[in-house]
Amino acid sequence: MALAANALTTYETARIELGAPDDDKNKAIVERIINAVSDRIAAEAGGRIFQRSTGIVEKHPGHSDYRLALGRAPIIGSITSIILLQFDGTSLSTFDADSFEIESVADGILFRMAGWPDTQRPGRSIRGNLLPGTERKSVQITYDGGYVTPEQARNDALLTRDLPFDLEEACLIGVASLYRGRGQNLKVNNEQTSDAATSWRDPGVRGTPPSIIPREVIQIARSYMRYVNHG
């Protein structure tokens, strides 16, 4: 077992936090749990990808809005290119760098005063009205983005970790919970065998189903969900 690309902490940091032995068997267990918790945090944050990547290529539909939200944030440096594709996927035109701006580096939001093109398909009527819901992913954007995770910084001396510390702490809390709860029914919070009393784990946040990670981890993860106001 090795750490996945989206791991939010390192094996050594987690091992020290757990006070666990440093051997191959334990390492495989800890790394598996780190991967599971990192996946869960990303899902609870709305499917965000936190780790940094370069040369990211994304295709977005156009809705005539002024703002466009990239999939990875924060944005690193400037946007490499934005191309409008034809229906067959070939390049139609390139957006000049001065025709748009990065409105929010932290949230990965691009702003274009003229609005992003509408990529809806025209209908079959004489008027040729555009059909809502048929937007093609014809706005292709290439850029660098994301946080440098502790694991990325450990593997590359040229990178400096900038992942928010509360995200790593959330990961460590989740790792500790799963590691120490191995072999136990995670739905049960407390059991009292003397009088057969059983108390059950919190059903989730805001009525959601039970999670493998503690409530405070879910709350931290959800604080990183991004909401974009179009218009």
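The values are calculated or read from the model by the stated rules, or taken from the named source; none is laboratory data. Since we're looking at a predicted model, the values are computed, not measured. Reconstructed Cβ throughout: ideal geometry from the backbone, glycine too, with neighbour counts over all protein chains shown.
Structure notes:
- Of the criteria (1) modelled with pLDDT of 95 or more; (2) in a helix (DSSP H, G or I), which one residue 206 fails: (1)
- Looking across segment 137-163, the residues that are without any contact (Cβ under 8 Å) to a residue 40 or more places away in the chain and under 15 Å from residue 9 (Cα atoms) come down to 153, 155, 156, 160, 161, 162.
- Scanning segment 1-19 for residues that are surrounded by fewer than 17 Cβ atoms within 10 Å (Cβ to Cβ) and either modelled with pLDDT under 95 or outside any helix (DSSP H, G or I) (or both) returns 1, 2, 4, 5, 19.
- Of all residues in segment 76-101 being modelled with pLDDT of 95 or more, surrounded by 17 or more Cβ atoms within 10 Å (Cβ to Cβ) and not in a loop (DSSP other than H, G, I, E, B), the one that is nearest to the chain's Cα centre (by Cα): 76
- Unique match (being β-branched (Val, Ile, Thr) and under 24 Å from residue 179 (Cα atoms)) among 16, 82: 16
- Test: residue in segment 22-43 that is outside any helix (DSSP H, G or I), β-branched (Val, Ile, Thr), on the phi < 0 side of the Ramachandran plot and at pLDDT 95 or above: no
- Of all positions in segment 45-53, none carries a residue that is outside the structural domain of residue 113 (by TED's automatic domain parsing) and in a helix (DSSP H, G or I).
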